[in-house]
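Down below is the structure, laid out as structure tokens.
The values are calculated or read from the model by the stated rules, or taken from the named source; none is laboratory data. Keep in mind that what you see is a predicted model, and the values were worked out from it rather than measured. Methodologically, a virtual Cβ is constructed for each residue, glycine included, from the backbone with ideal geometry; neighbour enumeration extends over all protein chains shown.
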Amino acid sequence: MLFSQKILKRLIRRLFILIRISYFKFISDFHLKSKPKINAPTLMLGTGQVFIDDSATIGFINGPKFWNSYVHLEARQISSKIIIGKNTILSNNVLLIAEKKTIKIGDNVKIGHNVQIYDSDFHSKNISERLKGNQGKQFSVELKKNCWIGCNCIILKGVTIGENAIIGAGNIIRKNVPDNSLII
């Protein structure tokens, strides 16, 4: 392959990346006041608030799921908040949905690809309540500083993950995790 063809391929790829990121920014419900490093398409929806520290990073250009997914941050209700701390990294295809409460991610947290974090059941477990449209229970979620969440994990409502905790790939977390714990 000629040198000029390699350069042309890189330029076209970079242009495609910028177009994807810009498109998702355009279709989002709101835009951030901060300037985190956004390397992947990121969709931000809802009427709540999303706060991301300037030093945070969202996505990896050459990481898994870059070309066929996006990061989804949704603060659905006015009372909903998503807070992402300093030097925190969210990999590709991360999904955070705050229905009515808060998802707070502390400083220096690393989150692998395909991680899902929810503050709600999104529906009642009771059939008659569910048929009435009852949304079920909502409880805030907190990931304290320096924790690491492996790829393909699901973190459910009401969970607090302690400082320096490591959650291995593929876990479903429905109970609190103490500081300095390893869950595999």
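Just a few scattered comments:
- Against the test of being free of Cβ contacts under 8 Å to residues at least 24 places away in the same chain and of a type outside the set (Ser, Thr, Tyr), the options Lys86, Lys104, Lys137 yield a single qualifying residue, Lys137.
- Selection of the range 50-72 for residues being over 18 Å from Asn87 (Cα atoms) and not in a loop (DSSP other than H, G, I, E, B) yields only His72.
- Screening Asn146 against (1) crowded, with 22+ Cβ neighbours inside 10 Å; (2) on the phi > 0 side of the Ramachandran plot leaves a single unmet condition, (1).
- Residue ID - farthest from Gln116 (Cα to Cα), chosen from residues in the range 30-49 that are over 11 Å from the mean Cα position of the chain (by Cα) and assigned to a strand (DSSP E or B): Lys37
- Filtered residues of the range 96-128 (kept if outside any loop (DSSP other than H, G, I, E, B) and either charged (D, E, K, R) or crowded, with 18+ Cβ neighbours inside 10 Å (or both)): Leu96, Ile97, Ala98, Thr102, Ile103, Lys104, Ile105, Lys110, Ile111, Ile117, Tyr118, Ser120
- Any hit, the range 157-177, residues being at pLDDT 95 or above, of a type in the set (A, V, I, L, M), surrounded by fewer than 16 Cβ atoms within 10 Å (Cβ to Cβ) and assigned to a strand (DSSP E or B): yes
- Residues of the range 17-35 that turn out to be at pLDDT 90 or above and either surrounded by fewer than 13 Cβ atoms within 10 Å (Cβ to Cβ) or small (Gly, Ala, Ser) (or both), as a count: 8
- Considering Ile38, Ile52, Ile58, the condition of being buried (at least 22 other Cβ atoms within 10 Å of the Cβ) and closer than 14 Å to Val94 by Cα is satisfied by Ile58 alone.
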